[in-house]
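Some notes on the structure that comes next.
The values are calculated or read from the model by the stated rules, or taken from the named source; none is laboratory data. Note that the coordinates shown come from a computational prediction; the quantities given were computed from them, not determined experimentally. Here the Cβ is made from the backbone with ideal geometry for all residues, glycine too, and neighbour counts use every protein chain on show. Only protein heavy atoms, including side chains, enter the accessible area calculation; ligands, DNA and RNA are left aside. Shrake-Rupley method; radii C 1.70, N 1.55, O 1.52, S 1.80 Å.
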Amino acid sequence: MTQPTNMKAVICTTYGAPEVLQLTTLKKPVPKDNEVLVKIHATAVNSGDVRVRGLAVDGFMKIIMRFVLGFKGPRKPVLGTIYSGVVEAVGKQVRQFQPGDEVFGSRGFKFGTYAEYITVAEDSPIDHKPSNATFEEAAAILFGGMTSAFFLHKAGIKAGQRVLIYGATGSVGAAGVEIARSHGAVVTAVCSEQGVELARQLGSDAIVVYTSEAYKQLNDPFDMVYDAVGKTTKKTFAALLKPNGIYLTVGGLSMAKERKKEITFLKQLFEAGKLHAHIDKSYLLTEIVEAHRYVDTGRKKGNVVVKIIADNA
């Protein structure tokens with residue numbers, strides 16, 4: 001059977017509203033000797049994706065991001081940072097994967113997952129997907145999971161610590177709650193009123209609605225405060241931290257590193273039933289504009305998944 005030489009992909013050639021995303025046809029990539037060719041089944045739209053598409057950062061960060069991403073528009077026009085799918089071909093030096101393997105992985109600022117195919121290096125953040133996960137679930141746990149795993153592990157999360165997670169029901173915060181609890185931490189989730197039920201499902205030990213600002217009146221200090229949405233500063237929580245307490249944020253210049261060990265950690269956690277895929281909405285690749293519009297509202301709870309291969313395909 002002859003393999004296709006072209007593929008469908010979504011490109012972004014200028015910064016702006018969701019409508020700047022365009023579905024087009026591109027040449028299908030060919031793997032190099034150290035690469036695998038993955039037929040993507042699912043990706044996701046997260047806060048990072050919409051921030052890049054709209055260049056939605058403040059002040060001097062706009063200048064920095066233009067240097068990093070491209071001045072007039074993304075120099076890598078196929079956006080999307082995470083993927084799950086099936087290995088279709090491998091380069092002659094690849095040893096860990098073979099055609100037919102079900103995998104999942106992260107691309108970070110290399111982007112490229114809003115497409116039917118992608119080539120990735122064998123030593124990049126890629127692993128066999130969790131055996132008990134669908135492609136949509138595997139894609140859903142990646143962005144928030146890798147971000148929270150990086151920050152919480154870097155901070156030395158451990159059993160018995162009291163941890164407050166601000167923005168606990170977005171993709172990053174939800175993963176943060178489950179990862180912190182998997183380490184034996186006692187978690188207080190701060191979320192919107194609409195997110196209370198999800199925070200409860202995550203197993204939060206205590207839940208505070210941020211719109212009431214009741215978290216500012218909490219009496220027992222925390223070992224760690226984790227801002228999973230990047231909208232606060234350490235000063236915001238100064239009164240809530242123990243003298244040697246740790247403040248973490250995904251905002252500003254703080255960035256999670258894309259590492260293979262976080263992928264493997266998430267796989268193991270999901271297979272053990274300690275991490276779950278919280279999917280708010282699912283869209284098709286042809287509905288990518290609608291998916292971005294929804295994430296732009298700031299109302300998503302958990303993850304927004306994009307199916308590259310439709311259920312009836």
**Request:** Could you please let me know if VAL103 is within 22 Å of ARG293 (Cβ to Cβ), among the hydrophobic types (A, V, I, L, M, F, W, C) and in contact (Cβ under 8 Å) with a residue 24 or more places away in the chain?
**Result:** no
**Request:** Among residues belonging to the stretch 87-126 that are among the polar types (S, T, N, Q) and in a loop (DSSP other than H, G, I, E, B), point out the one that is least open to solvent (accessible area, probe 1.4 Å).
**Result:** THR113
**Asked** Take the residues of the stretch 157-176 that are part of a loop (DSSP other than H, G, I, E, B) and in contact (Cβ under 8 Å) with a residue 40 or more places away in the chain: which is nearest to GLY85 (Cα to Cα)?
**Response** THR169
**Fill in**
Cβ pairs under 8 Å, 6+ apart or interchain, first in the stretch 43-61 and of a type in the set (S, T, N, Q), second open to solvent by 40 Å² or more (accessible area, probe 1.4 Å) and at pLDDT 80 or above, ordered by first then second residue, are ASN46/PHE143; SER47/VAL229
**Request:** Out of GLY167, GLY173, report the one residue that is open to solvent by less than 20 Å² (accessible area, probe 1.4 Å), in contact with a helix residue (DSSP H, G or I) (Cβ under 7 Å, 6 or more places away or on another chain) and not hydrophobic (A, V, I, L, M, F, W, C).
**Result:** GLY167
**Complete:** Taking the stretch 247-290 and keeping residues closer than 25 Å to ASP58 by Cα and in a strand (DSSP E or B) leaves TYR247, LEU248, THR249
**Request:** Return the total of residues in the stretch 40-51 being surrounded by fewer than 18 Cβ atoms within 10 Å (Cβ to Cβ) and assigned to a strand (DSSP E or B).
**Result:** 0
**Item:** Restricting the stretch 177-201 to residues that are in contact with a strand residue (DSSP E or B) (Cβ under 7 Å, 6 or more places away or on another chain) and in contact (Cβ under 8 Å) with a residue 60 or more places away in the chain, the residue that is nearest to ALA272 (Cα to Cα)
**Value:** ARG181
**Message:** I'm trying to understand the selection: among the residues of the stretch 19-39, which are farther than 16 Å from PRO4 by Cα, part of a strand (DSSP E or B) and open to solvent by 40 Å² or more (accessible area, probe 1.4 Å)?
**Reply:** GLN22, LEU23
**Message:** Filter the stretch 291-313 down to the residues that are among the basic types (Lys, Arg), part of a loop (DSSP other than H, G, I, E, B) and closer than 25 Å to LYS129 by Cα and list them by number.
**Reply:** LYS300, LYS301
**Residue selected from the stretch 186-232 under the condition assigned to a loop (DSSP other than H, G, I, E, B) and more than 22 Å from the chain's Cα centre (by Cα), by the criterion farthest from GLN161 (Cα to Cα)** = GLU213
**Request:** Quick one: PHE143 ticks every box in (1) at pLDDT 95 or above; (2) outside any loop (DSSP other than H, G, I, E, B); (3) not acidic (Asp, Glu) except a single one, so which number is it?
**Result:** (1)
**Request:** Assess whether ALA189 counts as being closer than 12 Å to VAL229 by Cβ, surrounded by 23 or more Cβ atoms within 10 Å (Cβ to Cβ) and among the small types (Gly, Ala, Ser).
**Result:** no
